[in-house]
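The structure appears below as structure tokens.
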4 protein chains.
Amino acid sequence: MADTIRVTVWNEFVHEKKHEAVQKVYPNGIHNVIAESLQKQPGLEVRTATLDQPEHGLTDEVLQATDVMVWWGHMAHDQVSDAVAQKVQKRVLEGMGFIALHSGHYSKPFRLLMGTACTVNWREVAEREILWVCHPGHPIAEGIDPCLVLEHTEMYGEPFGIPVPDEQVFISSFAGGEVFRSGNVWHRGAGKVFYFRPGHETYPIFYNESVMRVIANGVRYVRPTHPPIKDAMPNRKMGWWEEQASR
Amino acid sequence: MADTIRVTVWNEFVHEKKHEAVQKVYPNGIHNVIAESLQKQPGLEVRTATLDQPEHGLTDEVLQATDVMVWWGHMAHDQVSDAVAQKVQKRVLEGMGFIALHSGHYSKPFRLLMGTACTVNWREVAEREILWVCHPGHPIAEGIDPCLVLEHTEMYGEPFGIPVPDEQVFISSFAGGEVFRSGNVWHRGAGKVFYFRPGHETYPIFYNESVMRVIANGVRYVRPTHPPIKDAMPNRKMGWWEEQASR
Amino acid sequence: MADTIRVTVWNEFVHEKKHEAVQKVYPNGIHNVIAESLQKQPGLEVRTATLDQPEHGLTDEVLQATDVMVWWGHMAHDQVSDAVAQKVQKRVLEGMGFIALHSGHYSKPFRLLMGTACTVNWREVAEREILWVCHPGHPIAEGIDPCLVLEHTEMYGEPFGIPVPDEQVFISSFAGGEVFRSGNVWHRGAGKVFYFRPGHETYPIFYNESVMRVIANGVRYVRPTHPPIKDAMPNRKMGWWEEQASR
Amino acid sequence: MADTIRVTVWNEFVHEKKHEAVQKVYPNGIHNVIAESLQKQPGLEVRTATLDQPEHGLTDEVLQATDVMVWWGHMAHDQVSDAVAQKVQKRVLEGMGFIALHSGHYSKPFRLLMGTACTVNWREVAEREILWVCHPGHPIAEGIDPCLVLEHTEMYGEPFGIPVPDEQVFISSFAGGEVFRSGNVWHRGAGKVFYFRPGHETYPIFYNESVMRVIANGVRYVRPTHPPIKDAMPNRKMGWWEEQASR
């Protein structure tokens, strides 16, 4: 595989245009702040796509040219077409990495990939979150040990409606007493999915260097290491091991 | 919870009406053969539902009154409405048990619950399958140890496009040399999903006592033990643990 | 299987005899408080065993007559003989349920069953712990939803050196900000293991009704449903499926 | 981390010295055949160690200088000292990769890491094994899709007494009809464990290029990507996140 990792940062890009408070923090949109940070990482080639573009910016060409997709959505999950959400799911099964950020827990592609409700409890009072590393040595936690502290953030609390993660990287506590599985990895088909909780539209979370370090670690961790694995349901009339054995 | 387990056996009931070969084996439909067998088990209350009924026989009333759904589909997966498939998924997340049989691997509800492609390789030459117990002592394998042999069956081969099962009960080999994860359990929300491979529309698999024993074991294993857990995304403005602690 | 679940509550029973502060809370030993509570549950038959008895009270007869073992150890893990620890592990693989309480995370049988370091971070300042239910509807959490609050307890913090649990029932937060996977289930052989964090020798945790409710739920959840599965490595000279098929 | 992966191939090196049939196939020992093959791979630095050396060749210096250990044992598992086996386990928890080959399923380090019996069924009649790829795109299966065929080998059959693998790479069928989970990955602490079934002392399995390709893939997959994570149980009197937050 090539050394360059092609990243597409997707943003619904809605509240940045509607709410002044969001505009102040992310005048050019959350996607551009994330993309600019990732672009500084060696070996990453980053583009962006948004809801209002044709096919939400996720044409077949873009999807095929994406190794890792980073997804932000919040108020407009329902405006993402089922067809596009299913194409994203399909690309993950082929091998594309997928990173859902914060409210992306309720996005269509993430929910399709989990098979569960993906619901959370929440509270918005700018409280402190501590993300604890549960799996020291995990590549996604590189540079973060033992924890990452965010002084002002929205709370998400358990129960988080997900299957038990295949790899548990972070668990958070909040000042109000709640907990949340905040850094989780699952294998889905030939691809990997990483959910990372931090992020918000009015708290400047994506300017935090440690948060962006984890996202960059995540991009490297979920990148595909193989050509796309195509979906198929072959009628294997004869054993192909016989062919293989006879080579 | 009540002691009676309310089972709904769902069948698309299509090839029994179209193909003479299928009619010979299952003149009243696969669902009725399965239902009659399960009805003989103590503590099970069994009904059936089919594709051609209004809402495919799966009205809200039926779904709410179902503890475990057994699903057969094969040629008509696409005729199941997305709305009904999503309701079945939602009921599983609330706690309903779900058993997908054979070609049900590619049914809409099963695929929604897995989040993956659920594809298989296949061959239809009436070959022998041996289902080996991988987890001795598992309640689903009760009475089957060490294996279950089917002399004439269709082959399904790996790769089976599923997440790694939470519990691996059976793995099959076929006379042609293939293998398949043929008895698998996953937790999804408050419900459990059991996939069981045996079954076919022209081989008389559902008249096999060992096959029906596993299905009955499965019904008992995936039954809910709690009232339905309703999906919610509460704004927890104040900590409810404070309320609780103060009781 | 018989309806009665035979429980053995094991306690090293050391600090109760050495430290006045512990004697005040548990004058007859932690094991007796736990056993008396469990004895009130319908269908449980409870005995106790302690370190200072011959074979630590865990003779072959006692082990064979135990369906679920509840384990408390703290200061004397090293005094448990390797032979007894290995026998307990072996019984779990045969099907016996095993519940490790609190500092039992570092007991020999639990570490043998996990294969990992089982280390934690800790602090003893009588702070508040909230155990959140992550898996609503799980039988072990029955009656506890949405959380269990302990006002004064020792802290255990992540990283907890365990394999990712097969079932994640509780995660705790502490007043000091730490988190901990505090209610975890794993399958090991034909048996199930439940780790439950609450417990302490000077805080009166085992007099808390909710704590004891979870332990009783746990006993029922990890009970075997089958006769002991004996360890073996048979030379299967001929396929026994042939025998079976010919019956 | 450095780019070079330091591999230690361990062999009990017993039957090569006792049995003429084994000598013919592996005159210098199985370890040297494996090591010579791996040595040809770019980026691997390979050494060997054997049972009869002081500390079985696994001194603290060797262990600290090993990124991935490949383990072969068969007749002399019991002659490995518990102290050395525990040191190997500890190094895996720190991050060292561990690959158990064939009869290494019953080696002390592998059993310590699994926590289970690790028993199998077996038969030795030189039958055909087909290892099917269950997880297309997995780095360990690179170059092998869809299967690897060994014409003459020993059979291992389920039930294999292991915890459900975190990643299921290969499942085998045998000419006699058995199945076996033959390529399995688990996370243990900061390290990864790969079990790979092929191998035998009189069948020339380790001269097979596809087998050696998988082992080389495995070495790269389980290599550590971080400095050793040291085992500890700190009394965290004050929250260190406070320190960190104040930096």
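The values are calculated or read from the model by the stated rules, or taken from the named source; none is laboratory data. Computed from a prediction, not measured in an experiment: that's the story for all the values here. Cβ: placed from backbone, ideal geometry, glycine included. Neighbour counts: every protein chain shown. Note: areas computed on protein heavy atoms with side chains; ligands, DNA, RNA excluded. Shrake-Rupley method; radii C 1.70, N 1.55, O 1.52, S 1.80 Å.
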What are the lysines whose alpha-carbon lies under 27 Å from the alpha-carbon of A:LYS90, with same-chain residues fewer than 8 places away excluded?
A:LYS108, A:LYS192, A:LYS230, A:LYS237, B:LYS87, B:LYS90, B:LYS108, B:LYS192
Only Lys, Arg (+1) and Asp, Glu (-1) charged, at Cβ; the range A:88-174 dipole about Cα centre in debye
460 debye
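I'd like the projected area of the range D:66-126, averaged over all directions, using the convex hull of its alpha carbons. Report it in nm² with one decimal. Intermediate results must be reported in sequence, preceding the final value.
Numbers: hull surface 18.5 nm².
If I average the Cα hull's projected area over directions, I get 4.6 nm².
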So the label point sits 7 Å from Cα along the Cα-to-Cβ vector; using that for D:GLY43, what distances do you get to the other copies, in nanometres, sorted shortest first?
0.9, 5.5, 5.5
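When you look at the Cβ of every residue in C:51-61, what mean number of other chain Cβ atoms sits within 10 Å?
Numbers: counts 0, 0, 0, 0, 0, 0, 0, 0, 0, 0, 0.
For peptide C:51-61, the averaged partner shielding equals 0.
Sorted by packing (mean other beta-carbon atoms within 10 Å per residue), highest first, where do C:213-219, D:148-154 land?
Numbers: C:213-219: 23.0, D:148-154: 20.1.
Highest mean packing first, the order is C:213-219, D:148-154.
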Where chain B is the region considered: accessible area per residue in Å², 1.4 Å probe
36 Å²
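With +1 assigned to the C-beta of every Lys and Arg and -1 to the C-beta of every Asp and Glu, and no other charges, what is the dipole magnitude of the range C:161-247 about the Cα centre in debye, to the nearest 20?
That gives the range C:161-247 a dipole magnitude of about 320 debye.
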Restricting to the protein assembly as shown, what percent of DSSP beta bridges are antiparallel, rounded to 5?
55 percent
Distances in nm between the label point of A:PRO54 (7 Å along Cα→Cβ) and its equivalents in the other copies, shortest first, are 4.4, 7.5, 8.7
Accessible surface of the protein assembly as shown, 1.4 Å probe, proportion on carbon and sulfur as whole %:
51 percent
Net charge dipole size for the protein assembly as shown [Lys, Arg +1 and Asp, Glu -1 on Cβ; Debye, nearest 20]:
0 debye
Whole-Å distance linking the alpha carbon centroid of the range B:38-65 with that of the range A:11-77 is 46 Å
Taking alpha-carbon centroids only, the range A:121-190 lies from the range C:133-178 a number of Å equal to 14 Å
Theoretical ellipticity at 222 nm over chain C - DSSP helices of four or more residues, -39500 (n - 2.57) apiece, nearest 500:
-7500 deg cm²/dmol
Antiparallel DSSP bridges in chain D: what percent, to the nearest 5?
55 percent
Under Karplus coefficients 6.51, -1.76 and 1.60, residue-wise ³J(HN,Hα) of the range C:156-163 in Hz, glycine/proline x:
10, x, 5, x, 9, x, 10, x
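Taking a quarter of the surface of the Cα convex hull of the range B:18-113, what do you get in nm²? Intermediate results must be reported in sequence, preceding the final value.
On the way: hull surface 25.5 nm².
Mean shadow area of the hull around the Cα atoms is 6.4 nm².
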Quick one: label points 7 angstrom along Cα→Cβ at C:PRO234, distances to the other copies in nm, smallest first?
3.6, 5.2, 5.3
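How well do other chains shield peptide C:162-172, expressed as the mean number of their Cβ atoms within 10 Å of each residue Cβ?
Details: counts 4, 9, 11, 2, 6, 3, 10, 0, 2, 11, 4.
Per residue, the number of nearby Cβ atoms from other chains is 6 on average.
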Rg followed by Dmax, in Å, when chain D is reduced to its Cα trace
18.5, 68
Once label points are set 7 Å from the Cα along Cα→Cβ at both C:GLU36 and B:VAL125, what is their separation, rounded to one decimal in nm?
7.1 nm
Considering the options A:LEU131, A:ASN121, A:ALA141, tell which one lies farthest towards the positive end of the dipole of the range A:113-158, charges being +1 on Lys and Arg and -1 on Asp and Glu at the Cβ, about the Cα centre.
A:ASN121
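Shape call for the range D:103-173 from the C-alpha gyration tensor, a ≥ b ≥ c root eigenvalues: rounded (a/c under 1.5), prolate (a/b greater than b/c) or oblate? Could the numbers behind the result be given before it?
Details: a/c = 2.29, a/b = 1.17, b/c = 1.95.
Here the range D:103-173 falls in the oblate category.
How much of the DSSP bridge set in the range D:123-210 is antiparallel, in percent, rounded to the nearest 5? Intermediate values should be presented prior to the final figure.
Numbers: 23 of 23 bridges.
Percentage antiparallel, nearest 5: 100.
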Return the sequence-ordered ³J(HN,Hα) values of the range B:175-189 in whole Hz as given by the Karplus equation 6.51 cos²θ - 1.76 cosθ + 1.60 applied to θ = phi - 60°, using x for Gly and Pro.
4, x, x, 6, 10, 7, 6, 9, x, 9, 10, 10, 8, 9, x
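What fraction of the Cα pairs in the protein assembly as shown, stated in percent, has a spacing above 53 angstrom? Mind showing how you got there, number by number?
Values: 64042 of 487578 pairs.
Value for the protein assembly as shown (Cα pairs over 53 Å): 13 percent.
What's the buried accessible area, both sides, between D and A using a 1.4 Å probe, rounded to 100 Å²?
Numbers: alone 11790 and 11790 Å², together 21640 Å².
Its buried surface, counting both partners, is about 1900 Å².
Where does the range D:169-209 land on Rg(C-alpha)/(2.2 N^0.38 Å)? The partial results should precede the final answer.
Working: Rg = 12.9 Å, N = 41, 2.2 N^0.38 = 9.0 Å.
Scaled against compact globular proteins, the figure is 1.43.
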Determine how large the accessible area of C:TYR207 is when every protein chain is in place; take a 1.4 Å probe and give Å² rounded to the nearest 10.
120 Å²
Innermost chain A residue relative to the axis carrying A onto D, by Cβ distance in angstrom:
A:ASP166, 3
At 37 °C and 0.692 mPa s, grab the translational diffusion coefficient of the range A:113-216 from Stokes-Einstein with a Kirkwood Rh over Cα pairs, rounded to a whole number in µm² per second.
234 µm²/s
How much accessible surface area, in Å² rounded to 10, belongs to the heavy atoms of D:TYR203 with a 1.4 Å probe?
40 Å²
